[in-house]
Amino acid sequence: MRVRRSLAALLALPLLATAPAVANSQTMETDAPTAKHRVHGPVTPRATAAIDTTSQSAVRRAYRRFWLRGEEVRPRWIGGDTDRCRPGRLADTSTRRQLQAINFARRMTGLQKVVLDKGTVRHAQAAALIMTAEHAVSHYPPRDWPCWTRRGYEAAAQSNLYEGTSRQSNSDKIEAYLDDWGGNNHRVGHRRWLLYPYLAAVGIGGTNRANVTHLFGTPFDKLAPNPQWVPWPSAGWFPNNLDPRGRWSLGSGEDGTDFSRATVAVSFNDKPVKGIKLRTPDNGVGKPTLVWEMPNRTWPKDPVGKAEVTVEGIVIDGLPQPTAAYAIRFFRTAG
């Protein structure tokens, strides 16, 4: 089941807020966790293991191998029980499929793959149990939530959190972060952490409904590739069903990037797209990122064709920059 087809809202809390979370059939933090330290490094070429997005066949092969296989299978929760507060574990196959989905997105944008951080898996699993037992999410779950533990509480503050339904697939859980939909996820913080160039490892915990992706257990890799631009949807050939419901973003490898005066123009199949909504830039999560939304009424759910993006007015370290322009070629994955 595709996440985008659900009518349930994605709800959550800002990381630093203490207001209570709201339960729903699909819930996700409205803000992503905050790292104590970030890496400042030079812009580099794309990772050598990046997917060649200039080739439709290369993207299609990678999609089928690393994304579609995870979409065909639901997460399997072994030995877990919310009534008895047993965290259990995510089946190895489920963990692998979710990690592959994360790495598919990273390799599409020219980033280095991440590995499984085995040292934080138990912590992530403890947090997943709390979220599933309460049927809600919070970076600071209160002590009166069922199955609360110190381990799970501490992990929640360092993780992307998602609690959905048992009908969703392994890839659906990761797609929720990449879509980063919901009224309060305008800065796409979950997406930005998954696409943070220096992210080296993640701990994955989960149940049949929840995913917890622990982000900060392994130091960031200062030598990892750091491309000039990290767009989502990524430039080149792109699976049309992974369009993040029109909430697009462009991240910059330069930490001194200022998008506050930037403008965005998009044409789709040679026709200008009208009604694009720019979000206020925010540099508090991951890399500096500009976010905009395509018009809800006219933008297709699963676009097919060529989108040309032009971003002007970018400033880096106080100096105006040339226009950033790229094209996305959406191809149909169904059939």
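Quick notes on this structure:
- Boolean, Asp31 is closer than 27 Å to Asp243 by Cα, modelled with pLDDT under 95 and of a type in the set (D, E, K, R): yes
- Residue that is surrounded by the fewest Cβ atoms within 10 Å (Cβ to Cβ) [pool: residues in the stretch 35-85 that are under 22 Å from the mean Cα position of the chain (by Cα), of a type in the set (Lys, Arg) and closer than 28 Å to Ala124 by Cβ]: Lys36
- Matching residues in the stretch 256-299 - criterion: being part of a strand (DSSP E or B) and either on the phi > 0 side of the Ramachandran plot or under 23 Å from the mean Cα position of the chain (by Cα) (or both): Thr257, Asp258, Val264, Val266, Lys277, Leu278, Asp282, Thr289, Leu290, Val291, Trp292, Glu293
- When the residues of the stretch 300-318 are filtered to those that are in a loop (DSSP other than H, G, I, E, B) and closer than 17 Å to Ile328 by Cα, the one that is least open to solvent (accessible area, probe 1.4 Å) is Pro303.
- Exactly one residue among Val188, Val212, Val202 is on the phi > 0 side of the Ramachandran plot and in contact with a strand residue (DSSP E or B) (Cβ under 9 Å, 6 or more places away or on another chain), and that residue is Val188.
Condition check ((1) closer than 25 Å to Arg76 by Cβ; (2) hydroxyl-bearing (Ser, Thr, Tyr)) across all residues:
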{"residue": "His139", "(1), (2)": "no, no"}
{"residue": "Arg151", "(1), (2)": "yes, no"}
{"residue": "Ala156", "(1), (2)": "yes, no"}
{"residue": "Thr165", "(1), (2)": "yes, yes"}
{"residue": "Lys173", "(1), (2)": "yes, no"}
{"residue": "Ala176", "(1), (2)": "yes, no"}
{"residue": "Arg187", "(1), (2)": "no, no"}
{"residue": "Leu199", "(1), (2)": "no, no"}
{"residue": "Ile204", "(1), (2)": "yes, no"}
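- The stretch 152-165, residues that are of a type in the set (D, E, K, R) and open to solvent by 20 Å² or more (accessible area, probe 1.4 Å): Glu154
- For Ala32, the test of being under 18 Å from the mean Cα position of the chain (by Cα), surrounded by 19 or more Cβ atoms within 10 Å (Cβ to Cβ), closer than 20 Å to Ala224 by Cα and of a type outside the set (D, E, K, R) is failed.
- Wholly within the stretch 70-160, helices (runs of 4 or more DSSP H) carrying at least 3 residues that are without any contact (Cβ under 8 Å) to a residue 60 or more places away in the chain: 92-108, 150-156
- Strands (runs of 3 or more DSSP E) (entirely within the stretch 166-236) containing at least 1 residues that are surrounded by fewer than 24 Cβ atoms within 10 Å (Cβ to Cβ) and in contact (Cβ under 8 Å) with a residue 40 or more places away in the chain: 201-206, 229-232
- Residue within the stretch 267-283 that is modelled with pLDDT of 95 or more, aliphatic (A, V, I, L, M) and open to solvent by less than 10 Å² (accessible area, probe 1.4 Å) present: no
- Residues in the stretch 286-299 that are open to solvent by 60 Å² or more (accessible area, probe 1.4 Å) and among the β-branched types (Val, Ile, Thr): Thr298 alone.
- Selected residue (criterion: nearest to Ile51 (Cα to Cα)) from residues of the stretch 93-111 that are crowded, with 23+ Cβ neighbours inside 10 Å and hydroxyl-bearing (Ser, Thr, Tyr): Thr109
- Among (1) farther than 22 Å from Glu154 by Cα; (2) of a type in the set (S, T, N, Q); (3) out of contact with any helix residue (DSSP H, G or I) (no Cβ under 6 Å at 6 or more places or on another chain) - the single one Thr120 does not satisfy: (1)
- Residue check for Ser260: surrounded by fewer than 18 Cβ atoms within 10 Å (Cβ to Cβ), within 26 Å of Gly41 (Cβ to Cβ), of a type in the set (S, T, N, Q) and at pLDDT 95 or above: yes
- Criterion violated by Arg245 - all others in (1) farther than 24 Å from Asn184 by Cβ; (2) in contact (Cβ under 8 Å) with a residue 24 or more places away in the chain; (3) of a type outside the set (Val, Ile, Thr); (4) open to solvent by 30 Å² or more (accessible area, probe 1.4 Å) satisfied: (1)
- Just one of the numbered conditions (1) open to solvent by 10 Å² or more (accessible area, probe 1.4 Å); (2) on the phi < 0 side of the Ramachandran plot is not true of His135: (2).
The values are calculated or read from the model by the stated rules, or taken from the named source; none is laboratory data. This structure is a prediction, so every number in the text was calculated from the model and none was measured. Backbone-built Cβ (ideal geometry, glycine too); neighbour counts: all protein chains shown. Each accessible area value is taken on the protein alone, full model and side chains, heavy atoms only, with ligands, DNA and RNA left out. Shrake-Rupley method; radii C 1.70, N 1.55, O 1.52, S 1.80 Å.
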